[in-house]
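Structure first, then comments.
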Amino acid sequence: MTQEAVTLTIDGKEVTVPKGTLIIRAAEQLGIEIPRFCDHPLLEPAGACRQCYVEVEGQAKLFTSCTATVAPGMAVRTQNSSEVVHEAQVANLEFLLLNHPLDCPICDRGGECPLQDQALAFGPGESRYVEAKRTFEKPIPLSPLVGLDRERCVLCARCTRFCDQISGDRFIELFARGAGERVSIAAGEDFLSPFSGNTIQICPVGALTATPYRFVARPFDLSSVDTVCPHCSAGCNVKLDVRRGKVVRHLARDNLDVNDAWLCDKGRFAFRFPDDERRVTIPLLRDRGLEPTSFGEVMDAIGDWSRGKRVAFLTGGRLADEDAYALSKVARTAFVTNDLDHRREFAGGEAERLAAVAVTDRALSVTYRDVERAKAIVVAGLDAEQEVPILHLRLRKAARRGARIFVLNPRRTRLWDVAEHVLCRPGQEAHVLEQIVDGEGGDSGVGRAADALREAGEAGVVLAGMRLAEHPLAADVALRAARRTGARFSLVPRRAGDKGALAAGVHPRLLPGGRRVDDPGERAEVEAVWGELKNVVPGRNAKQILEAAANREIDVLFLVGVDPLRDFPDARLARHALENVPYKVVQSLELGSLEPFADAFLPAAAFPERDAHFTTWEGRAQRIRPVRGPAGLSRPDWEIFAGLARAMGGSLGFESLEDLQEESVGLLSPRAFSGGASAWVGAGAPQWIDELTLFTYPLLVDEGRLSEGASELKAALEEKPFLEIHPVDADKRSIADGGEVRVRTQAGQAVVPVRVTPDIAEGSVFVPFNQPGLAANTLLSGRFTAGATVEAVAAAEAAADPERLTVGGGP
Amino acid sequence: MSRGEQRPQDFLGGLAAAARGMGVVIKQVFRPDVTERYPQQIDEPPPRSHIGRHLLNRYENGLEKCIGCELCAYACPADAIWVEGADNDPENPVSPGERHAKDYQINYLRCIMCGLCVEACPTRALTMTHAYEMAFTSREDAIFTKEQLLEPPLPLGTAPGTQEG
Amino acid sequence: MDPRRAGGRGVTTDRIITRNWGNPDVFHVDGYVANGGYAGLKKALAMAPEDVIELVKGSGLRGRGGAGFPTGVKWSFVPQDTGKPTYVVCNFDESEPGTFNNRELVDREPHQLLEGLAIAAYAVRCHNAYIYVRGEFLHQGTIVRRAVEEAYDRGFLGKGICGSDFDLDVVPHRGAGAYICGEETGLLNSLEGFRGQPRQRPPFPAVEGLYASPTVINNVETLCNVPHILENGADWFRGFGTAKSPGTKVFSVSGKVERPGNYEVPMGTPFRVLLEEHAGGVLGGKALKAWTPGGSSTPMLTAEHLDVGLDFESLQAAGSLLGTGAAIVLDETDCVVEAARRLLAFYAHESCGKCTPCREGTWWAVRVLSRIEEGLGRPEDLPIMNDLGRNILFRAFCPLADGAVSPITSTLTYFREEYEAHVREGRCPFTGSGPGRRIEEVAS
């Protein structure tokens, strides 16, 4: 598609741009900066601030360059070559400053404020305005995260346009008119968007400020580094600001290939975990208690425990790519085991094969740009807003550009206004997806999805969340649906390190590059670099490792950045496992609930202290950079693994990060997938008896360990535990919305407040994975459990019930 | 002309010059002494001199003038000033307005007494005093805290380190 | 009966849309039809829509809302191949200070408006039309609603109008009371349920208006002329007024005159005729000081402009605009600074707040003018007023701000001496308010 080009001159310089380009963008291409406040390249033009005047030859009026598009032969003059334009801009700045409080010394924006910069550059030195300024009550907390100072506001409407056009949750809006116009929010409401922080960053003055950053620092205090957000697989580009070694702020960086210019509130405000007081930065070894010691002593002890013993590794999807590679190698060479897994889900069945496909078959991969340009998108088993928030914004962007979106999920997601939802019971996804494979069009949600995908052809996208991977077939059927309709396909993991760990082979069946450990040809490619592998039998996955540990079949269990009690969807199994393994080695930032179990602790460097890479869900490796040195004695994970290899009497073969990267690049580079077709037999319609399926997934803001210390974020967005149930199911059980219910499974029971909502599939109940006071993994033995019972609890009984919001034992 | 062949008038001229030089010396011998016998005798600096330690001022109602804006720290060429801002409790404010200085430190091992911080202060909270006695026995003592800076300096001659004379 | 209603006492009978104002029967549909009403609509329905547009084009009818854009041309801009519905919206948000002609047109003969609206809808193949009634017009809202009901009952609206196969639904909509909603894109936003703020143009409403569909927006008076053009033809219509501004215009005359009211005169009639023959001259025989030809948004003129013809071209040549045809008359005892202050207070109150020059500029102007009027003006205030005029005019998002500048620039042009007197004397020479000393002396 070639776009019509338009040639014009700006300040006498010729430039050719596509038709429809705004003058202000064309000027940017020439390096001419026109002052502006309301203009933002990712928002629709507003023309509100009137700062970006330009003169167009032959036109009597000045144009605002942020709203006027280019025309062939247009001769534009900016403030650089037109005195009229310059004077108009100065005059407009005078207008903007009339009612501005000029309180820069106490304003958080002072020092990095576009209004301040422009006032300094060409604003009038003295005010001609002698009357009293307009005043408002201030500061007003819009939420525990965002503070509003209306006096500083220049009413550019960037924040309200962001909420309207980008995040789609219009919490804030302009109220009143004239000089009394102001940003406001409905009385009694909080600005509860998980993207609220973006409005702060795009505010061109100090009207919206971040509470966690309030009065904390000045721009000149900060040392910064460009890095990547560690929270999820979205891979948002962020700038980390540090004052005297302490992280005080995350800001989004612009990257149109990844996060545009946005960042979710978790990525923006959950930055205190590296400085958390519970962090441990010295090695510990259990003697009577856990005693501080040296790395050497711990390594020697681990070497003694492990030689010739059965060793297993669990990681939580938080390892950087280099660390994952080092772990994959040390486990297989030094510890001679294939019992390693990076997943927190209990995956199984065809998902194992799919994992290999996901790593190797680049032809199938999807990028943010593909999503943005897609004509039809099917999102299955993924609540993008809660799990990969920036992907959620891209899906919304695609919808604005005309894509048809279908969501296949047991719960309605916040794409409700732009997508058609097909609510299906957990476990039923495969059956529903099969209808797309079979090409059944027609007048149902699935039918329309099938038709839309077929129409879109290569412009179709199927995104499968990790919840599909828990079903033996679902993810594979999703892939099949994509192949059948010509759509692109991607398995979207949740955590920042998931994709990199999969590629590096932190997986019981896969070596680096998705090579199968039991395929001699593929294994040989790895052995050419690593030397001969002695263990060629596929190992245990995460669930099997825990089961083996519980059965005393494992001697040493490495827990690298993972807490089985909190992270795996079966707390009882995790506890049995920890109780029955002789030696537990914890490698992490802190001990947390593992303190009673750990026999050795290896302090790892946190992400602001690291030079490494994270791979996004797309498969894009992005570099993270250190903004400070490792705290205390902590070391980067890969160095610890290298030390372990030495303790085991071997060597990883690299002493520096560069060597590691050089070695791994050959093994991780793309290659063709050589696996055969799966033994797919068709899922068939599931049979249901009258029982409920309990399912869970983590919400964006929960008790996760990387959110530690983010008190404002939690105050704003962390929900109390709740249980969602469909009205039909609630009626059968005489459950009323807002009351409390007891949910009982084979694993345990809990009393939780109930929400009766049609936004959940019939026959399903949902509890969030890890909200304060209720860890859902105590109710589950997997991410979903059939055969749950839910019963109403009388208010009086609930008040008297000591188990309220707590979890009992088995039934 | 070679050396040793001095003519008589050169010799006389030399004598006259030597006498003039000695005249200056003798004149200086009888001039009054300007050396101050510090610390036995301490002359007060002129009343409006701003040559020494900083002072954080208060308004007449007792509120601190400092709003914790850090502009002094920004202006400081020696990076001697550390400021940490914080919210004012509206019920019990430390300074007028929303922000006050939770912490304020000046490191006098770094400070070069240039006064740029005073120039930068938007509320006239920071001024300099005449207290030029800046001798310390430890590095910690050289870092003045906010509490110290809010107090007027001790009279000259009473600061620790000036006693043993 | 008021003689001017019957066309007596020196009033010409060159009237088109107010010719039935003496007849109270035309208020209801029966009286209207008996008086020959809805004949124009029937005639239109017998023609092809394109021919209706051509006819209106040929009549030279220009919009009466202020801009004076040729109505037929506006209709012809509506694309017919977008696959989207077309809308016609009647702009009855008559909020311009001094203007009340639309109100009386509806008060006396609402079906004339409905007939014009139906013809316009037929011409652009629209099946859903809206009448946007000013929020404060409670009574007129009721009148319009009842007239619409009557028209439905008699088959002039609804399915198969007058036995043809043309369907039209008309929805009266009352605004929430904002001057800015008289601006057509602000009106559209308000009609859609959004904040009354103007939209970016292009795209123009003819292409992307209501609900992003092609939309025609016409003023009440414009639409009232349409049935008569259909009935009597374009040449008949061109027999009124001037060559470039054909037809008549209903002028609202208010202020210091003997007989304030609405007077329909042919375009091009000199203001002297309107003032002296129709409105009875300046109240109490005092001298004329200033007058606006088209409401408060149009620059004021003075006694020297008495013989300017009231049409688009002549007024523009005189440095003002026809606007909505609202003459506000000030006599020699009125203070123009106070007049300007009051008008600016109106604009500051009605500014929607979207763009900076309008929002902040009108706010500032009110404060400076108030000070001058209260005798607290400073010599440097006059350059500020000058700058304000220059920095707001043509710099704002919509024409509201341009209108707000008119009182400033025109009073500064013609009555600068009066401003200077306020500052010099430290008080208002007319009301006497103020300390009576120069501000410097007051301060010292």
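None of the figures in this text is laboratory data; all of them are computed from the coordinates on show. It should be emphasised that the depicted structure is a prediction, and the values quoted were computed from it without experimental measurement. In this analysis, Cβ positions are derived from the backbone assuming ideal geometry, glycine residues included, and neighbour counts consider all displayed protein chains.
Which residues' amide hydrogens lie under 5 Å from the amide hydrogen of C:I217, considering only partners 5 or more residues apart or on another chain, with H built in the peptide plane?
C:V89
What trypsin sites (Lys or Arg not before Pro) in the range C:244-292 are in a loop by DSSP, with at most 11 other Cβ atoms within 10 Å of the Cβ?
Listed in order of number, the matching sites amount to none.
Would you calculate the convex hull of the Cα atoms in the range C:248-331 and tell me its volume per residue in Å³?
Looking at the range C:248-331, the number lands at 67 Å³ per residue.
I need two numbers for the range C:66-207: Rg to one decimal and Dmax as a whole number, Cα atoms only, in Å.
15.0, 42
Counting Lys +1, Arg +1, Asp -1, Glu -1, what net charge surrounds C:I180 among other residues with beta carbon under 10 Å of its beta carbon?
0
Taking the beta-carbon count within 10 Å as an exposure proxy, list C:S370, A:S193, A:S669 from fewest neighbours to most.
A:S669, C:S370, A:S193
Select from A:V526, A:G47, A:L8 the residue farthest towards the positive end of the dipole of chain A; place +1 on Cβ of Lys and Arg, -1 on Cβ of Asp and Glu, and compute about the Cα centre.
A:L8
Based on the alpha-carbon set only, what is the convex hull volume of the range B:54-150 divided per residue, in Å³?
It comes to 94 Å³ per residue, whole-number rounded.
How much of the pair distance distribution for the range A:2-76 lies past 13 Å, counting alpha-carbon pairs only, in percent?
Result for the distance tail: 62 percent.
Suppose we keep just the DSSP beta bridges with both residues in the protein assembly as shown; what percent of those would be antiparallel, to 5?
Of the beta bridges lying entirely in the protein assembly as shown, close to 60 percent run antiparallel.
Cα centroids of the range A:374-446 and the range A:595-662: how far apart, whole angstrom?
Spelled out, the Cα-based centre of one part sits 37 Å from the other.
What ranking of A:W305, A:W262 emerges when the number of other C-beta atoms within 10 Å of each C-beta is taken as an exposure proxy, fewest first?
Going from least to most buried by this count: A:W305, A:W262.
Enumerate the whole-percent occupancy of each 5 Å bin, from 0 to the last occupied one, for all C-alpha pair distances of the range A:94-141.
5, 17, 28, 25, 18, 6, 1
Ratio of the range C:336-443's C-alpha Rg to 2.2 N^0.38 Å, to two decimals?
For the range C:336-443, the normalised Cα radius of gyration comes out at 1.04.
C:K42: which lysines have alpha carbons under 18 Å from its alpha carbon, excluding same-chain residues fewer than 8 sequence positions away?
Answer for C:K42, where 18 Å is the Cα cut-off: C:K159, listed by chain and number.
Calculate the length of the line joining the C-alpha centroid of the range C:407-435 to that of the range A:233-252, in whole Å.
After rounding, the separation between the Cα centres reads 59 Å.
Averaging over every viewing direction, what projected area does the convex hull of the Cα atoms of the range A:448-568 cover, in nm²?
Value for the range A:448-568: 10.2 nm².
Could you work out, residue by residue across A:171-183, how many beta carbons of other chains sit within 10 Å of that residue's beta carbon, and then give the average as an integer?
Across A:171-183, the average partner-chain Cβ count within 10 Å equals 5.
Place a +1 charge on the Cβ of each Lys and Arg in chain A and a -1 charge on the Cβ of each Asp and Glu, then give the dipole magnitude about the Cα centre in debye, rounded to the nearest 20. Numbers along the way, then the final one.
Numbers: 97 positive and 114 negative charges, 73 e Å.
Computed charge dipole of chain A: roughly 340 debye.
What ³J(HN,Hα) values, in whole Hz, does the Karplus curve 6.51 cos²θ - 1.76 cosθ + 1.60 give for the range A:376-392 when θ = phi - 60°, with x put for Gly and Pro?
Going residue by residue, I get 9, 9, 10, 10, 10, x, 8, 9, 4, 4, 8, 9, 9, x, 6, 5, 4 Hz, with x marking Gly and Pro.
Can you give the average number of partner chain beta-carbon atoms within 10 Å of each beta-carbon in peptide A:87-98, as a whole number?
Across A:87-98, the average partner-chain Cβ count within 10 Å equals 5.
Limiting things to C-alpha atoms, what are the Rg and the maximum Cα-Cα separation (Dmax) for chain B, in angstroms?
26.4, 95
Which whole-angstrom value gives the distance between the alpha carbon centres of the range C:144-169 and the range B:69-102?
Centre-to-centre (Cα) distance: 72 Å.
Under the rule of at least 5 residues apart or a separate chain, name every residue whose amide H is placed under 5 Å from the amide H of C:H173.
C:I131, C:Y132, C:V133
Within 10 Å of each Cβ in peptide A:152-164, how many partner chain Cβ atoms are there on average? Round it to a whole number, please.
1
Please flag any cysteine in chain B that has no other cysteine's Cβ under 4.7 angstrom from its own Cβ.
When partners are defined as cysteine Cβ atoms under 4.7 Å apart, chain B leaves B:C66, B:C69, B:C76, B:C111, B:C114, B:C121 without one.
Report, by chain and number, residues whose modeled amide H sits under 5 Å from the one on C:T248, excluding near sequence neighbours (fewer than 5 apart, same chain).
C:M267
From the helices alone, meaning DSSP H stretches of at least four residues, give me the mean residue ellipticity at 222 nm for the protein assembly as shown, per-run term -39500 (n - 2.57), in deg cm²/dmol to the nearest 500. Display every interim value, and only then the final one.
Numbers: 48 runs with 442 residues, N = 1420.
The helix-only estimate for the protein assembly as shown comes to -9000 deg cm²/dmol at 222 nm.
Within the set A:K19/C:K354; C:K57/C:K249; A:K329/A:K499, which residue pairs have Cα atoms separated by over 20 Å? Display every interim value, and only then the final one.
On the way: A:K19/C:K354 28 Å; C:K57/C:K249 18 Å; A:K329/A:K499 17 Å.
Violating the 20 Å Cα-Cα cut-off are A:K19/C:K354.
Report Rg/Rh for the range C:146-208, rounded to two decimals, where Rg is the Cα radius of gyration and Rh the Kirkwood radius.
That ratio is 1.13, to two decimals.
Working only with C-alpha atoms, what are the Rg and Dmax values of the protein assembly as shown, expressed in angstrom?
Rg, Dmax (Cα atoms, Å): 40.5, 145.
Lysines near A:K714 by alpha-carbon distance under 16 Å, same-chain residues fewer than 8 away left out - which ones?
Correct list for A:K714: A:K266.
Exactly which trypsin sites (Lys or Arg not before Pro) in the range A:518-550 are in a DSSP loop and have at most 12 other Cβ atoms within 10 Å?
Passing sites in the range A:518-550 are A:K534.
May I ask for log10 I(q)/I(0) of chain A at q = 0.06, 0.10 Å⁻¹, from a Debye sum over the Cα atoms as equal point scatterers with solvent left out?
Values returned for q = 0.06, 0.10 Å⁻¹ are -0.42, -1.13.
Between A:E719 and A:F136, what's the calculated FRET efficiency when r is the beta-carbon distance and R0 is 35 Å? Round to 0.05.
Given R0 = 35 Å and the Cβ-Cβ separation, E is 0.65.
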